[in-house]
1. Take A84 and tell me if it is of a type in the set (G, A, S) and under 18 Å from the mean Cα position of the chain (by Cα).
2. Give the residue, chosen from R68, R110, that is free of Cβ contacts under 8 Å to residues at least 40 places away in the same chain, over 21 Å from V26 (Cβ atoms), of a type in the set (K, R) and in contact with a helix residue (DSSP H, G or I) (Cβ under 9 Å, 6 or more places away or on another chain).
3. Considering each residue of the range 28-47, count those that are within 15 Å of the chain's Cα centre (by Cα), surrounded by fewer than 16 Cβ atoms within 10 Å (Cβ to Cβ) and of a type outside the set (V, I, T), and give that number.
4. Within the range 13-20, is there a residue that is outside any loop (DSSP other than H, G, I, E, B) and free of Cβ contacts under 8 Å to residues at least 12 places away in the same chain?
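Just so you know, all these numbers are worked out from the coordinates, no wet-lab data involved. Just so we're clear, the structure is a prediction, and the values are computed from it rather than from any experiment. Counting neighbours? That spans all protein chains shown, and the Cβs are built from the backbone with ideal geometry, glycine included.
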Amino acid sequence: MTDHLFMGNAICAVGRNGGLVLPAFVRTTLARRTDARILLVGCHEVDACLVAYDPAFAAALMADSERRRIAEEGGAIQAHHARARRIFGFVADVAFDDAGACLLPPMMLRRARIAERALVIGTGGAFEVWNPEVARDGDDPDLAELAAFHLDVPMAA
């Protein structure tokens, strides 16, 4: 079962046009999960990064969103709608080829402040794409340590 989870981390170069080659741990997991050559890339619900996943994972996100809406029933409905917009409204289909090359949309790059490098981190059903400097300077000490490590290690060409 773990072979279908995104597990691992890597730092990747990002081209001027938003071009990124997905790291091996992402490509391998995607190959096991789907035949589609499409990722859904969106804004993370709470963190200053992107979240990406295969199209089938969107159904799990919808089920979780609905579970949370029911749990909050009687509360502020605005919170549900704001969450739904973040989860589903800020999402783009991103095609990738057999080598894992894809183009991240300009709005997504801007939103996550991603420029020359991206830190890709598996989170089980999905993976995150961070500006490594933002990750290093954030509030999560484990994430900061991981980002600092990758920033200190020269990237492979």
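1. Working: of a type in the set (G, A, S): yes; under 18 Å from the mean Cα position of the chain (by Cα): yes.
So A84 fits the description; yes.
2. Numbers: R110 fails: in contact with a helix residue (DSSP H, G or I) (Cβ under 9 Å, 6 or more places away or on another chain).
It is R68.
3. Taking the range 28-47 first, the residues within 15 Å of the chain's Cα centre (by Cα) are 29-30, 38-47.
Those left that are additionally surrounded by fewer than 16 Cβ atoms within 10 Å (Cβ to Cβ): 38, 45-46.
Next, only the ones that are of a type outside the set (V, I, T) stay: 45.
Total satisfying the criteria: 1.
4. Scanning the range 13-20, I find no residue that is outside any loop (DSSP other than H, G, I, E, B) and free of Cβ contacts under 8 Å to residues at least 12 places away in the same chain, so the answer is no.
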